[in-house]
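A quick write-up on the structure given underneath.
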Amino acid sequence: MINRTLPIVALTILTFPFLLLAGHNRQNTIHADPEIPKEGDHSQAVLFLSEYVQHESVSGNERNAGKFLKAFCKSKGLHVEVFTDEIDSYNFAASLYPLSARKPNIILLSHIDVVPADDPSLWTYPPFSGTIADGKVWGRGSFDNKGVATMQLFSILEFVEKASRKDLPYNVTLLSVSGEETGGEKGAEVVVENFLDKLNPLVVYGGGGAGVTGISQAYSELPFFGISISQKRILWWQLKADVPNPGHGSVPMDSYATFEVIRAAKAIKAHRPALHFSDQTIEMLRTIGSHERGLRGFVLRNIGFFRYFVGNMLRQEPLVAALLTNTTNLTGLSSTPGAFNQVAPEAFARFDSRLLPEISNEQFLERIQKKVKDFKVEIEIIRQFPTSPASETGTYYRAFEEAILRSFDEAVVSPIMFVAHNDNHYFRLKGVPTYGLVPVILEEEILGSIHNVDERFPIAGLKKGIKVYADLLQSLLTKK
Ligand SMILES: [Zn+2]
């Protein structure tokens, strides 16, 4: 019975944190006709988002859009401080009070850059038109991350007048950074390494998943909001084989570089990754289980016990495995170039590993080393990050949860681990409590448009998101 039920549990319950994952590192830039069909009356937030989308800002080209956003913030009475203004990046803070006031700061974090639009002919409206139609704003960035920035900005603007009259206990900053889609080195990392003291952050509310329905089988309309309090981290590494050989393709050989690398890569792939049920994952499953009936609910509420019976099954579902295991993908093979009849003296296999927070880089690499010990290869680290501590589910987490519950009746809110890398990581590394979630409910169709053709964001969601952020700020600013 358990065997029949669990795959369904696994598939339908554990997939949601992945819905917002998307590709990175794309480079081409599209220039589309700025043709803007508009309809009806729209609030300032909607018109602003439309215009922001029209300021094309594919990663590395944020400056123009950043300056537009900065000018808008300034015109609305926010205090602006530009951190970096470069040809390929733009990072700035727009705050209720000047940063020099040194008030503990509530940071709403978003990124200026967008991924490329690829083929504009596939889009219903030109990707950088910011078209307003069918109750949505259309275009690259309309949700990711310009829609998010718009919600954050317009919630902050609700407090400008109050902040000028009253000495509020905290500052609030809209922090806009570059290069999130390409790893954050030009944006969040620069800000955290050089301007953290200036920012004086109390808490950061950044990107993450959105609310989704259909998680609970018993109550399919029940919205689920996973607030990320930790995340997996990147470990990029490669196997290098350096095997001296006669060099000529006509000589029979038992061992040579390309062959060693392939054999070692195969040994890594053959290995079954261990399952790790962190306290956080168990808590998340229990939370979902408490909104389920029957066996499904029973299994989830007691997943700490059932994990011993369902491990193999969970491991076979890639999306579930991402939540419970370290994952490793072979992302490329190469060797030193040469003539067709030359055996390459060096060969490389590149791997992209994503590590669970509770596993150290050393622990992971030790496991890899054991698997490849029989082959003539060595491990080289290309890029790694230290583990960052999970943010606590205390005051700032609860304030976010309460703000969500005020707008979404009977929603289920739970802390989660985010399975991708985003800018939140840099703040957690410095010990700043950081919470990742976009407080709107996105239908599957809209989710599927992110990083894809016809990205669009419903106006109703935009308005609701502004309210959630405003409620959050209201509760934090009136707390002493
Ligand atoms: Zn993105």
Original post:
residue 194 passes all but one of (1) buried (at least 17 other Cβ atoms within 10 Å of the Cβ); (2) more than 20 Å from the chain's Cα centre (by Cα); (3) under 30 Å from residue 479 (Cα atoms); which number fails?
Top reply: (1)
Subject >> Residues located in the stretch 277-330, provided they are assigned to a helix (DSSP H, G or I) and of a type in the set (Ser, Thr, Tyr) >> reply: 281, 287, 308
Subject >> Qualifying residue in the stretch 60-82 (condition: buried (at least 19 other Cβ atoms within 10 Å of the Cβ), assigned to a loop (DSSP other than H, G, I, E, B) and within 16 Å of the ligand (Cβ to nearest atom)) >> reply: yes
**OP:** Inspect all residues belonging to the stretch 138-152 and state whether any of them is more than 16 Å from the ligand (Cβ to nearest atom), assigned to a loop (DSSP other than H, G, I, E, B), in contact (Cβ under 8 Å) with a residue 40 or more places away in the chain and open to solvent by 10 Å² or more (accessible area, probe 1.4 Å).
**Re:** no
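To keep it simple, each residue is scored yes or no on (1) over 25 Å from residue 46 (Cβ atoms); (2) open to solvent by 10 Å² or more (accessible area, probe 1.4 Å); (3) more than 16 Å from the ligand (Cβ to nearest atom); (4) not in a loop (DSSP other than H, G, I, E, B).
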| position | (1), (2), (3), (4) |
| --- | --- |
| 93 | no, no, yes, yes |
| 97 | yes, yes, yes, no |
| 129 | no, no, yes, no |
| 176 | no, no, no, yes |
Original post:
In the stretch 41-83, which residues are of a type in the set (Asp, Glu) and either under 13 Å from residue 95 (Cα atoms) or outside the structural domain of residue 94 (by TED's automatic domain parsing) (or both)?
Top reply: 81
Original post:
Which of the residues that make up the stretch 148-183 are modelled with pLDDT under 95 and on the phi > 0 side of the Ramachandran plot?
Top reply: 183
Original post:
Does residue 465 satisfy the condition of being over 14 Å from the mean Cα position of the chain (by Cα), surrounded by fewer than 24 Cβ atoms within 10 Å (Cβ to Cβ) and among the small types (Gly, Ala, Ser)?
Top reply: no
Original post:
Name the pairs whose Cβ atoms lie under 7 Å apart, with the first residue in the stretch 361-388 and closer than 29 Å to residue 189 by Cα, the second part of a strand (DSSP E or B) and polar (S, T, N, Q), and 6 or more positions between them or separate chains?
Top reply: 361/384; 364/353; 380/238; 382/238
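The values are calculated or read from the model by the stated rules, or taken from the named source; none is laboratory data. Just so it is clear, the structure is predicted and the values come from calculations on it, not from any experiment. Quick reminder, even Gly has a Cβ in these numbers, built from the backbone with ideal geometry, and neighbours come from all protein chains shown. Areas reflect the complete protein model, heavy atoms only, side chains present, ligands, DNA and RNA absent. Shrake-Rupley method; radii C 1.70, N 1.55, O 1.52, S 1.80 Å.
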